[in-house]
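K.L.:
This is the structure, below, for whatever I ask next.
None of the figures in this text is laboratory data; all of them are computed from the coordinates on show. Nothing here was measured: the structure is a model prediction, and the numbers come from that model. Every residue, glycine as well, gets a Cβ built from its backbone with ideal geometry; the counts of neighbours run over all protein chains shown.
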Amino acid sequence: MATIEPSQRSPGGEPRAAVLTAAPSPKLEVRGLDVFYRGEKGGETHALQDVTVDVFPREVLALIGPSGCGKSTFLRVLNRMNDTIPGARVAGKVLLEGEDILAKDYDVVTLRRRVGMVFQRPQPFPKSIFDNVAYGLRAHGLADKREITRRVEQALGRAALWDEVKDRLDAAALGLSGGQAQRLCIARALAVEPEVLLLDEPTSAPDPIATAKLEELIAELKADLTIVIVTHSMQQAARVSQRTAFFYMGRLIEVGATKQMFTRPRETRTEDYITGRFG
Amino acid sequence: MRDASLVAATAIASAIVVGMLLVILLDVVRSGASVISGTFLTAAPSGGMQAGGVGPAIFGTAALTILMTVAVVPVGVITAIWLSEYARPDSRLARAVRLAVANLAGVPSIVFGLFGLGFFVQTIGRGLDKAAYGGVATYGKPGLIWAALTLALLTMPVVIVATEEALRAVPRDLRDASLALGATKFQTTFQVVVPQAMGGILTSAILAVSRGAGEVAPILFTGAAYFLVELPTHLNDQFMNLGYHVYVLATQSPDVDKTRPQLYGTVLVLLVLTFLLNVVAVVIRIRTRKALASARA
């Protein structure tokens, strides 16, 4: 948990300007990341080993690999959701625009406002549709009702849910279908206007229409967001991402342009997984 | 073959349980229903307890349980929230609190009664009298407030354990979803977790109430009265109580045989009140379960 020298923040101290140049500075830099979970009988599981990777602004990075390979663990580190798991221990560095988010004094609440997350199973709050989307805004202290209404409507629109719920914003969110609930969770995450969006297998429900809508949405969102998506589906990774990272047994085996990963991967393990020999 | 004998054994065991309940209910209803009337429910006992009704006892029971609920629910729920949401599971303090709750649940109710007399009435009450009433016995005697606080102690474990269970039933994913939006732990707990567990928390409160409404031993020395013409109007007034009235009618009346119809009527009223509270608890539980089920669909 070393502190970060100002010189490390970004070249020239202008992170925003750097984004616009031809070789953008990374949004997220992960350096030598290790994650350990405490086992049930004492002892530790080494869930992630020495992972180093960059995530660039306005790209979609897909994380693939067999179950238990560490891809979801990796995703949860990026907004410190591993803090909620008892006995989880993290070592290494994760820099968000040059600042180490794993530092002890780093404010996780602020971090999670900048790095949003949508989970595998939709978890609507026991509130109305409107209040679900407004939840994050209110939690951050926004009290202006018109501004809240504007941002809730905008977020529902961006998540392609507005047309389906605009006449029943006051209805309980628990009445939504699975696909709608997932888009509600995305709208909820978008309403707080994060810079990075983490998606943990957001389309695991076998609903082809919902999946298509969500993939369209991801394509639109990457115009101004950085997206990291965990997916079990090779086809989905190929459709939505610019770069793909392959995890296997807690290690990052290979990361590269999605096209290259799916046509001529450097590692045989990647090729074996993609062509379905294991996993 | 072994299955058949097991099925038969469980059927017989269940039949005994249900049968006993039915016998008790039938006996009470058969002997008690005839005395139930508007007068019985509102009037005070009269004629050596052989006439009149149980109005003051119903009022006293209601006042007692309401006061007890006001005392036990906030403390119990906040303790449960602390245990479930804030305390580290392996912390010494949390383990000590859990042990205390478990032991509290095992203490015989008459011991609560003696404790209430010694602690609330004689220590706190007399202390209050010395400090604020110039030594005149105002709170330093059995009264509604002390009985309610004693009952609150007795029912505390019910509230804590049931509330903690309701909070633990809230999926971790739901907490994570709130935290991932940049909500604080406090916001997550009180705006997402507690509302989600509200059905269970209400159920626990009602179970505590229905348990407390039927207890007699804890209020024997702390506030219940044998017979009162006037209803309690102050927190330090004594009161009549349905459970205690049953005991009085069964053992203390001038002619036990002649008060028997009154006795059965009182038991019936007490049973119906407790039963109604349990029905409300079950209805709330079912409605919450339905809401949760629709969330998973």
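K.L.:
Under the rule of at least 5 residues apart or a separate chain, name every residue whose amide H is placed under 5 Å from the amide H of A:Leu199.
P.N.:
A:Val118, A:Val228, A:Ile229, A:Val230
K.L.:
Okay, moving on. Checking the cross-link filter: which aspartates and glutamates have an alpha carbon closer than 18 Å to that of A:Lys127, excluding same-chain neighbours under 8 positions apart?
P.N.:
Reachable aspartates and glutamates: A:Glu153, A:Glu164, A:Asp167, A:Asp170, B:Asp173, B:Asp176.
K.L.:
Which residues' amide hydrogens lie under 5 Å from the amide hydrogen of A:Ile253, considering only partners 5 or more residues apart or on another chain, with H built in the peptide plane?
P.N.:
Those qualifying (amide H under 5 Å, at least 5 residues apart or on another chain) are A:Phe246, A:Phe247, A:Tyr248.
K.L.:
Give me the angle, in degrees from 0 to 90, between the Cα long axis of helix B:242-251 and the longest principal axis of the Cα atoms of chain B, rounded to the nearest 10.
P.N.:
Roughly 40 degrees between the two axes.
K.L.:
On to the next question. Helix-derived [θ] at 222 nm for the protein assembly as shown: sum -39500 (n - 2.57) over DSSP H runs of at least 4, divide by residue count, nearest 500?
P.N.:
On the way: 25 runs with 303 residues, N = 576.
Rounded to the nearest 500, it is -16500 deg cm²/dmol.
K.L.:
OK, next. To the nearest 20 debye, what is the magnitude of the charge dipole of the protein assembly as shown about its Cα centre, counting +1 on the Cβ of each Lys and Arg and -1 on the Cβ of each Asp and Glu?
P.N.:
Numbers: 59 positive and 50 negative charges, 61 e Å.
The calculated dipole for the protein assembly as shown is roughly 300 debye.
K.L.:
Sticking with this one: To check you understand DSSP bridge types, tell me what percent of the beta bridges within the stretch A:27-274 (both residues inside) are antiparallel, rounded to 5. Display every interim value, and only then the final one.
P.N.:
Details: 24 of 42 bridges.
Within the stretch A:27-274, antiparallel bridges account for around 55 percent of the total.
K.L.:
Using θ = phi - 60° and the Karplus curve 6.51 cos²θ - 1.76 cosθ + 1.60, what whole-Hz ³J(HN,Hα) does each residue of the stretch B:143-152 get, with Gly and Pro shown as x?
P.N.:
The phi angles translate into x, 3, 5, 6, 4, 5, 5, 5, 5, 4 Hz.
K.L.:
Each residue of the stretch B:160-165 in turn: what ³J(HN,Hα) in whole Hz from Karplus with 6.51, -1.76, 1.60 and θ = phi - 60°, glycine and Pro shown as x?
P.N.:
5, 5, 5, 5, 4, 4
K.L.:
Would you mind checking which residues have amide H under 5 Å from B:Tyr139's amide H? H placed 1.01 Å from N; only 5 or more apart, or other chain.
P.N.:
Result for B:Tyr139 returns B:Asp129.
K.L.:
Between B:Ala51 and B:Ala131, what is the label-point separation in nm under the 7 Å Cα-to-beta-carbon projection?
P.N.:
4.9 nm
K.L.:
Rank the residues A:Tyr37, A:Tyr248, A:Tyr106, B:Tyr226 as a footprinting-exposure proxy: fewest other Cβ atoms within 10 Å of their Cβ go first. Please report the intermediate quantities before stating the final value.
P.N.:
Values: A:Tyr37 18, A:Tyr248 22, A:Tyr106 15, B:Tyr226 12.
By the 10 Å Cβ count, ascending, the order reads B:Tyr226, A:Tyr106, A:Tyr37, A:Tyr248.
K.L.:
What is the fewest-to-most order of B:Asp255, A:Asp272 by other Cβ atoms lying within 10 Å of their Cβ?
P.N.:
Working: B:Asp255 10, A:Asp272 14.
Exposure proxy ranking, most exposed first: B:Asp255, A:Asp272.
K.L.:
Could you give the distance between the Cα centres of the stretch A:50-100 and the stretch B:93-142, to the whole Å?
P.N.:
54 Å
K.L.:
Another question about this same structure. Give me the angle, in degrees from 0 to 90, between the Cα long axis of helix B:194-214 and the longest principal axis of the Cα atoms of chain B, rounded to the nearest 10.
P.N.:
It works out to around 20 degrees.
K.L.:
Further question on the same structure: Return the distance in nm (one decimal) between the two label points of a simple spin-label model at A:Gln154 and A:Gln242, each offset 7 Å from Cα along Cα→Cβ.
P.N.:
Distance between label points: 2.3 nm.
K.L.:
I need the phi-derived Karplus couplings for the stretch B:77-91: 6.51 cos²θ - 1.76 cosθ + 1.60, θ = phi - 60°, integer Hz, Gly and Pro marked x.
P.N.:
5, 5, 4, 5, 4, 4, 4, 7, 9, 10, 6, 6, x, 9, 6
K.L.:
Let me ask you something else. Using a simple spin-label model with points 7 Å from Cα along the Cα→Cβ vector, what separation in nm is obtained for A:Asp50 and A:Ala257?
P.N.:
Each label point lies 7 Å from its Cα, and together they span 2.8 nm.
K.L.:
Among B:Val159, B:Val35, A:Val35, rank each residue by its count of other Cβ atoms within 10 Å, from fewest to most, as a rough exposure measure.
P.N.:
Details: B:Val159 27, B:Val35 20, A:Val35 24.
Fewest-to-most Cβ neighbours within 10 Å comes out as B:Val35, A:Val35, B:Val159.
K.L.:
Now, a different point. Could you work out how far helix A:178-191 tilts from the main Cα principal axis of chain A, as a 0 to 90 degree angle to the nearest 10?
P.N.:
For helix A:178-191, the angle is close to 80 degrees.
K.L.:
Shielding of A:131-139 by partners, i.e. mean partner chain Cβ atoms within 10 Å per residue? Before the final figure, lay out the partial values.
P.N.:
Numbers: counts 1, 2, 0, 0, 8, 6, 2, 3, 11.
Counting Cβ atoms of other protein chains within 10 Å of each residue's Cβ and averaging gives 4.
K.L.:
Next up: At 0.36 nm per residue, minus the direct Cα-Cα distance, what do B:Val283 and B:Trp82 gain on full extension? Give it in nm, one decimal, please. Can you show the working numbers first?
P.N.:
Numbers: separation 201, 0.36 × 201 = 72.36 nm, distance 2.73 nm.
Full extension from B:Val283 to B:Trp82 adds 69.6 nm.
K.L.:
Roughly how crowded by other chains is peptide A:81-90, in terms of the mean Cβ count from those chains within 10 Å of each of its Cβ atoms? Walk me through the numbers before you get to the answer.
P.N.:
Working: counts 4, 0, 1, 7, 2, 3, 0, 0, 0, 0.
That average works out to 2.
K.L.:
Also: Determine which lysines satisfy two conditions relative to A:Lys93: a Cα distance under 23 Å, and not lying fewer than 8 residues away in the same chain.
P.N.:
Correct list for A:Lys93: A:Lys27, A:Lys71, A:Lys104.
K.L.:
Give me a single rounded figure for A:115-126: the average over its residues of other chain Cβ atoms within 10 Å of their Cβ.
P.N.:
Working: counts 2, 3, 5, 2, 5, 1, 5, 4, 12, 3, 11, 15.
Across A:115-126, the average partner-chain Cβ count within 10 Å equals 6.
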